[in-house]
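**Q** Structure provided below as structure tokens; questions to follow.
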Amino acid sequence: MIQLKTMLNCIDNSGAAVVECVNVLKKKTPARVGDRIVVVVQKQRNFGPENSTNSGIANKVRRGDIRHAVVVRAKKEIQRPDGSVVKFDDNACVLVNKSGDPIGTRLNGQSTSAVGLCLKHGTNSCCRSRRRRITGKAVVQDSVSGTHARVK
């Protein structure tokens, strides 16, 4: 359950390391896996010397930036319809822009297959309406090629 003042790890390569939740979008209840939230960047990742311009990796966000994010891991356990329980060790998110496209190009670490959302559209109804959703597997957008892919 992600609510106001919750600290989350950022698992993409956008440049943020730790973010703080300041708002849950379109819900009165705490956010769970797959929900969109508004975050403030608290800690920034270091990709090398500040003055090197040829490293190829740049921070896309700075400390204090306000961004939208999608929750991909939560400590609160998730009860699946088959009776199994999924629980993670930490809270984690991926930064997205207001239209729902990911800011980073790569995701580091694990995410649950219960996310079930398309990062391009920011909802899980777009993939269901196109009959791309498969039971037990999530459909997400590949941030590099822009195509839909199934996550096992």
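**Q** Open to solvent by 50 Å² or more (accessible area, probe 1.4 Å), at pLDDT 50 or above, closer than 22 Å to residue 27 by Cα and among the small types (Gly, Ala, Ser): which single residue out of 99, 125 fits that description?
**A** 99
**Q** For segment 2-16, enumerate the residues that are exposed (fewer than 15 other Cβ atoms within 10 Å of the Cβ) and more than 20 Å from residue 87 (Cα to Cα).
**A** 4, 5 - these are the residues of segment 2-16 that are exposed (fewer than 15 other Cβ atoms within 10 Å of the Cβ) and more than 20 Å from residue 87 (Cα to Cα).
**Q** Taking segment 35-51 on its own, how many of its residues are open to solvent by less than 80 Å² (accessible area, probe 1.4 Å), at pLDDT 90 or above and not polar (S, T, N, Q)?
**A** The total comes to 7.
**Q** Restricting to segment 80-91, what's the tally of residues that are open to solvent by 80 Å² or more (accessible area, probe 1.4 Å) and at pLDDT below 90?
**A** 1
The values are calculated or read from the model by the stated rules, or taken from the named source; none is laboratory data. Because the structure is predicted, anything quoted here is derived from the model rather than measured. Reconstructed Cβ throughout: ideal geometry from the backbone, glycine too, with neighbour counts over all protein chains shown. Just the protein is used for accessible areas: all its heavy atoms, side chains included, with ligands, DNA and RNA removed. Shrake-Rupley method; radii C 1.70, N 1.55, O 1.52, S 1.80 Å.
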